[in-house]
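Read through the structure below, which is laid out as structure tokens, and then see the notes.
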């Protein structure tokens, strides 16, 4: 029963996702809003309190070490993606980062490479697909994992295979690592989410717009081409058509 | 041969003159560097600001930030195609509430400043440009934070009319939210919503 419902949901996701356009990036909004509300609730009850405790209890050098450790493994995956995108020099730079941090940064807990001037690229598979010209597709909010798009979702399982815990075979250690990674990431976002609470009129829409813009910027390496001149006073036709918003929960 | 030499001489003279003119005005990237440097230094040297002293933060914002931002343009771009439908009074209120919201946010972010520094990326602009994009990175602990500005020429100096944090443009993000709010409950509805948001935040702080 449950599986059938999931299959039905997936079917509708794929069908609707095909309808997404630049003007209408969020055809799944009603479902997405519900998942978003669920995620917010989970965050309030579990994730945020744990992250707050993590931040309060652990000294900040330890927190930094944890985040560096996960970042170090991500650098390898980032290098692979850079090679896939044809950015050979950047790819080798990330390989150097991994080598340097693993050897001189004690297995990656210290980020020596950044001090040496090797910038972190942090590429993932969704960005690679974007570079290859795959369009975003529909905006999707996944339970727990949060905002994504159809394209980034295709990259997600591939990205997860490349996380450090995927290399560990003992399930207890693996689950601990996944938990630690989630909490470490959430703790890093504490001040950002506080900011969004303060400035967003509609948190769902704010997060969606920010996510889509940020991903677009990342695909183009922080320098996306202008989509439209952002001055609607001069050209009212250039203003994006606003989708009528259903009142969400 | 001689003619050629004359041409190159004139060209050189023109170039020198153009450079001199360009230097008479502040370069946009140098200007951003100067402001952000001043703000960061003030915050670093003032324990009260780091602790969240609202009055002191507002003094700093009033002195260093507000004169350098074109809030009218920011607000009208964010309101987008509805801006023309708004009465002058509505426009004034929109601008006022939006400004309060942004200033409060900015003030909150200032208390987070600790050991950051701002590094500018190479400017890609011609001297005659009246609108330029200045790109920078805030370096501190962890990954650098992308921070870009759109500037417009204002007399001899510059004014900021849009800001980009981590690849997200402020005006573009608000335009979608504002359009949604206006189509649901009109321009007055948006003003009320902004005012409520500001009031709630002010109450939470005091």
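Kindly indicate whether residue B:173 is closer than 22 Å to residue A:194 by Cβ, within 11 Å of another protein chain (Cβ to nearest Cβ), touching a helix residue (DSSP H, G or I) at 6+ places or on another chain (Cβ under 6 Å) and at pLDDT 85 or above.
yes
Please verify whether residue A:184 is in a helix (DSSP H, G or I), away from chain B (no Cβ under 14 Å), within 30 Å of residue A:85 (Cβ to Cβ) and modelled with pLDDT of 85 or more, treating the condition exactly as stated.
It is false that residue A:184 is in a helix (DSSP H, G or I), away from chain B (no Cβ under 14 Å), within 30 Å of residue A:85 (Cβ to Cβ) and modelled with pLDDT of 85 or more.
Looking at (1) in contact with a strand residue (DSSP E or B) (Cβ under 9 Å, 6 or more places away or on another chain); (2) buried (at least 20 other Cβ atoms within 10 Å of the Cβ); (3) in contact (Cβ under 8 Å) with a residue 24 or more places away in the chain; (4) within 12 Å of chain A (Cβ to nearest Cβ), which one does residue B:160 not meet, given that it meets all the others?
Of everything listed in (1) in contact with a strand residue (DSSP E or B) (Cβ under 9 Å, 6 or more places away or on another chain); (2) buried (at least 20 other Cβ atoms within 10 Å of the Cβ); (3) in contact (Cβ under 8 Å) with a residue 24 or more places away in the chain; (4) within 12 Å of chain A (Cβ to nearest Cβ), residue B:160 misses just condition (4).
Before we move on, is residue B:149 in contact with a strand residue (DSSP E or B) (Cβ under 7 Å, 6 or more places away or on another chain) and more than 25 Å from residue A:185 (Cβ to Cβ)?
yes
Identify all residues within region A:191-208 that are touching a helix residue (DSSP H, G or I) at 6+ places or on another chain (Cβ under 7 Å) and at the interface with another protein chain (Cβ under 8 Å from one of its Cβ atoms); write none if there are none.
Correct list: A:195, A:198, A:199, A:200, A:201, A:202, A:205, A:206.
Hey, residue A:212 hits all of (1) under 30 Å from residue B:131 (Cβ atoms); (2) in contact (Cβ under 8 Å) with a residue 24 or more places away in the chain; (3) in contact with a helix residue (DSSP H, G or I) (Cβ under 9 Å, 6 or more places away or on another chain) but one; which does it fall short on?
Every listed condition holds for residue A:212 apart from (3).
Look through B:84, B:150 and report the one residue that is free of Cβ contacts under 8 Å to residues at least 60 places away in the same chain and surrounded by fewer than 18 Cβ atoms within 10 Å (Cβ to Cβ).
Within the list B:84, B:150, the selection yields B:84.
What number of residues within region A:136-169 are in a loop (DSSP other than H, G, I, E, B) and without any contact (Cβ under 8 Å) to a residue 24 or more places away in the chain?
3
Kindly indicate which of A:91, A:86 is assigned to a loop (DSSP other than H, G, I, E, B) and at pLDDT 90 or above.
Answer to the selection: A:86.
Going residue by residue through region A:129-136, is there one that turns out to be over 25 Å from residue A:46 (Cα atoms) and within 14 Å of another protein chain (Cβ to nearest Cβ)?
There is at least one residue in region A:129-136 that is over 25 Å from residue A:46 (Cα atoms) and within 14 Å of another protein chain (Cβ to nearest Cβ).
To keep it simple, each residue is scored yes or no on (1) surrounded by 16 or more Cβ atoms within 10 Å (Cβ to Cβ); (2) within 11 Å of chain A (Cβ to nearest Cβ); (3) touching a residue at least 40 places away in the same chain (Cβ under 8 Å); (4) over 13 Å from the mean Cα position of the chain (by Cα).
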residue	(1), (2), (3), (4)
B:80	yes, yes, yes, yes
B:89	no, no, no, yes
B:93	yes, no, yes, yes
B:108	yes, yes, no, yes
B:129	no, no, no, yes
B:141	no, yes, no, yes
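The values are calculated or read from the model by the stated rules, or taken from the named source; none is laboratory data. All values derive from a computational prediction rather than experimental measurement. Because the Cβ atoms are built from the backbone with ideal geometry, glycine has one as well, and the counts that use them run over all protein chains shown.
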